[in-house]
Amino acid sequence: MAVLQRIKKPTTRRGKKVLQAKEPKPVEGPKQCIFFQGRNPSERTRKILKDLYDLKKPDAAHLTRKNDFVPFEDATLIEKMCYKKDAALFGVGSHNKKRPHNVILGRTFDSGILDMIELGADNYKAMSEFENIKVLAGLKPCLIFNGPAWELNEELKRLKSLFTDFFHRETVETIRLQGLEHVLSFTATEEGSIYFRSYRIQLKKSGQRTPRVELEEIGPSIDFKLRRTKLASDALYKEACRVPRELRPITKKNISRDAFGSKMGRIHMGKQEIHKLQTRKMKGLKKTPAEKKQMLIKRKQEKKAAKQSQKMDV
């Protein structure tokens, strides 16, 4: 027997606004992220999740209660929590003898798991161990991916996209040099190691118009090791990356630019009869009686020729 799923409509205005906020939009804001603990998390994984939360906030939530589940075996709790918090990204910390200091990063699509990648934290230095000035919370960072392995390995290519989703904020069209204050560097090796570093940009005087740039490490500093992955199929990943129809660029036909950058357009016009154009009525442009008589004679000849051609056709 087929079970009918009953759709419960909102009865209050507040409930309607909550459901509308969860609906897909052509232009979405920063993705929300939720960090929570798995089974028996270590102190290192707790601190790593806390530092990632500090880099992601205010678009994140950090839950400290333990949850007895294994994400790669059963991810229903993650899907439920992400739907409840309206979060597209998640991070889980766990620890065991086989996989020590484990951090799982992933994202969801259409209330289901899209990608899930497991990373092991081999070396770690917390943000609190760097005794210097930090950047403000909510600042848009500059992401740098070093090494050719990001484009050669399919798993690292998905991980690069995942890191971009994690730390991407609002879309900007122009960049101000003084607004670049934070840099996140990701260096990948062929052995599967990922070196995560965080820097603060300092603009020094150089005696010229362009300032001298210095990087000061502010933490966290993490050496990740790529472990298990659970990636979406090509069809599902393509569906998740589909651009809405409203945002697709509209191609304009018959428009080109010359060597100087000037816009050139081609216009298609029908047949024009110059003698029938309405011009400004001036005495100097009025037709003489002889011209009017000649036009009448010409029209009569055209009508007579048209009648003769009709008789010949019959």
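The values are calculated or read from the model by the stated rules, or taken from the named source; none is laboratory data. Just so you know, these numbers come straight off a predicted model, no measurement behind them. We place every Cβ from the backbone using ideal geometry, glycine too, and count neighbours over all the protein chains shown.
Scanning the range 270-314 for residues that are modelled with pLDDT under 75 and touching a helix residue (DSSP H, G or I) at 6+ places or on another chain (Cβ under 8 Å) gives a single hit, Thr279.
Number of residues in the range 204-227 that are surrounded by fewer than 15 Cβ atoms within 10 Å (Cβ to Cβ) and either acidic (Asp, Glu) or touching a Phe, Trp or Tyr at 6+ places or on another chain (Cβ under 8 Å) (or both) equals 3. Among the residues making up the range 62-78, those that are surrounded by fewer than 13 Cβ atoms within 10 Å (Cβ to Cβ) and either of a type in the set (Ser, Thr, Tyr) or free of Cβ contacts under 8 Å to residues at least 12 places away in the same chain (or both) are Thr64, Glu73, Asp74, Thr76. Those helices (runs of 4 or more DSSP H) of the range 1-108 in which at least 1 residues are within 31 Å of the chain's Cα centre (by Cα), closer than 19 Å to Leu231 by Cα and at pLDDT 90 or above, considering only elements entirely within it, cover 76-85. For the residues Asp86, Asp54, Asp59, the requirement of being among the charged types (D, E, K, R), touching a strand residue (DSSP E or B) at 6+ places or on another chain (Cβ under 8 Å) and touching a residue at least 40 places away in the same chain (Cβ under 8 Å) singles out Asp59. For the range 164-200, which positions are in contact with a Cys (Cβ under 8 Å, 6 or more places away or on another chain) and surrounded by 16 or more Cβ atoms within 10 Å (Cβ to Cβ)? Within the range 164-200, Phe166, His182, Val183, Leu184 qualify. Before we move on, is Leu226 of a type in the set (A, V, I, L, M, F, W, C), under 30 Å from Ala137 (Cβ atoms) and modelled with pLDDT under 85? Against the criterion (of a type in the set (A, V, I, L, M, F, W, C), under 30 Å from Ala137 (Cβ atoms) and modelled with pLDDT under 85), Leu226 does not qualify. Residues that are of a type outside the set (D, E, K, R), surrounded by 15 or more Cβ atoms within 10 Å (Cβ to Cβ) and part of a loop (DSSP other than H, G, I, E, B) within the range 140-163 comprise Pro141, Gly147, Asn153, listed in sequence order.
Picking from residues in the range 197-222 that are part of a strand (DSSP E or B) and of a type in the set (A, V, I, L, M, F, W, C), the one that is nearest to Lys140 (Cα to Cα) is Ile201.
Residues in the range 133-186 that are over 17 Å from Lys56 (Cβ atoms) and among the aromatic types (Phe, Trp, Tyr): 2 in all. Of the residues making up the range 232-274, those that are in contact (Cβ under 8 Å) with a residue 40 or more places away in the chain, farther than 30 Å from Phe72 by Cβ and part of a helix (DSSP H, G or I) are Glu246, Leu247.
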